[in-house]
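Q: I have a structure I would like to understand better, so I am pasting it below and will then ask my questions one at a time.
The values are calculated or read from the model by the stated rules, or taken from the named source; none is laboratory data. As the structure is a prediction and not an experimental result, all values here were calculated from the model. Positions of Cβ are backbone-derived with ideal geometry, glycine not excepted, and every protein chain shown enters the neighbour counts.
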Amino acid sequence: MRSETILPRQVNRRIGQAMQAYSMLSHGDSVLVAVSGGVDSLVLAWVLKMWLQKAPISYTLRFVHVDMGFRREGESGANPADEIREQLDRFGIPLDVLQAGELTESERSCFLCARQRRHQLFELAREYGCNKIAFGHHKDDLIETLFLNMFYSGNLSTMVPRQDLFDGRLALIRPLAYIEKHEVLEIAMTLDLQPVDNLCPLAGNTRRDQVRKLLQTVYEHDPGIKNSIFASMANVREGYLL
């Protein structure tokens, strides 16, 4: 199946617009692609591999899954990484697996888990000589993060499509930042990519899940609100804030 059939023209255009607007990829880049096992990261892996085959620039990709050590009860040998690798193998995408180890019960929280996973990715990028790390966050993720930070952290901020760290030695990029979750799901369905179960005990009952449900209720009332919220993040009137 041709990539044009899998990736609708308007979706491909918005991915390209995000990449161009934030200078996400340059000739000679070495990109570490974070693959969690959700459909977002699986689709991102396919998109970057597909773009590599047709882009006018040359860059390298390393795909990695950070195994946090979560297992199904009674299935100590079951490893989500095997399911991820099997799906990516169909597209000729090799996967490296980094064992991070499970947090203790007292340490377990979304914040600490995410911080540990990100630290592992930073270390691996340094080891591999990668100057960029790509994440599968999309438009809905950025909006949800805006509200999460307002509701629970008391600040106006979100994840940005590109974030430069360590004096510019490393950049975090989010090529799917301009497309919506339902569009990611449609691509995944066409590719027959299935989300790998998140075995974290807190999965499905987080603050992000609660914010997502709240926003969905708002969108059902007026679907145009989503685009308005997204546009507002690039139209901040600082003179009208405290």
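Q: Quick check on residue 185: is it more than 26 Å from residue 86 (Cα to Cα), at pLDDT 95 or above, of a type outside the set (S, T, N, Q) and not in a loop (DSSP other than H, G, I, E, B)?
A: Here the answer is no, as residue 185 does not meet what is asked.
Okay, residues lined up against (1) more than 16 Å from the chain's Cα centre (by Cα); (2) at pLDDT 95 or above; (3) in a loop (DSSP other than H, G, I, E, B); (4) buried (at least 19 other Cβ atoms within 10 Å of the Cβ):
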{"residue": "41", "(1), (2), (3), (4)": "no, yes, no, yes"}
{"residue": "58", "(1), (2), (3), (4)": "yes, no, yes, no"}
{"residue": "73", "(1), (2), (3), (4)": "yes, no, yes, no"}
{"residue": "94", "(1), (2), (3), (4)": "yes, yes, yes, no"}
{"residue": "102", "(1), (2), (3), (4)": "yes, no, yes, no"}
{"residue": "114", "(1), (2), (3), (4)": "no, no, no, no"}
{"residue": "119", "(1), (2), (3), (4)": "no, no, no, no"}
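Q: Give me a count of the residues in segment 205-242 that are of a type in the set (A, V, I, L, M, F, W, C) and part of a helix (DSSP H, G or I).
A: Residues flagged as of a type in the set (A, V, I, L, M, F, W, C) and part of a helix (DSSP H, G or I) within segment 205-242 amount to 8.
Q: Given (1) part of a loop (DSSP other than H, G, I, E, B); (2) loosely packed, with under 14 Cβ neighbours inside 10 Å; (3) free of Cβ contacts under 8 Å to residues at least 40 places away in the same chain; (4) not basic (Lys, Arg), identify the lone condition not met by residue 159.
A: (2)
Q: Right, here's the next one. Hey, any hits in segment 19-32 for a residue that's touching a helix residue (DSSP H, G or I) at 6+ places or on another chain (Cβ under 8 Å) and surrounded by fewer than 15 Cβ atoms within 10 Å (Cβ to Cβ)?
A: So far as segment 19-32 goes, yes, one or more of its residues are touching a helix residue (DSSP H, G or I) at 6+ places or on another chain (Cβ under 8 Å) and surrounded by fewer than 15 Cβ atoms within 10 Å (Cβ to Cβ).
Q: Can you tell me which residues in segment 128-151 are in a helix (DSSP H, G or I), within 26 Å of residue 224 (Cβ to Cβ) and of a type outside the set (S, T, N, Q)?
A: 139, 140, 141, 142, 143, 144, 146, 147, 148, 150, 151, listed by residue number.
Q: Also, I was wondering about something else. Only one residue in 193, 202 is under 22 Å from residue 136 (Cβ atoms), at pLDDT below 90 and part of a loop (DSSP other than H, G, I, E, B), so which one is that?
A: One residue alone meets the criteria, 202.
Q: Among the residues of segment 140-188, how many are in contact with a Lys or Arg (Cβ under 7 Å, 6 or more places away or on another chain), over 16 Å from residue 44 (Cα atoms) and among the acidic types (Asp, Glu)?
A: 1
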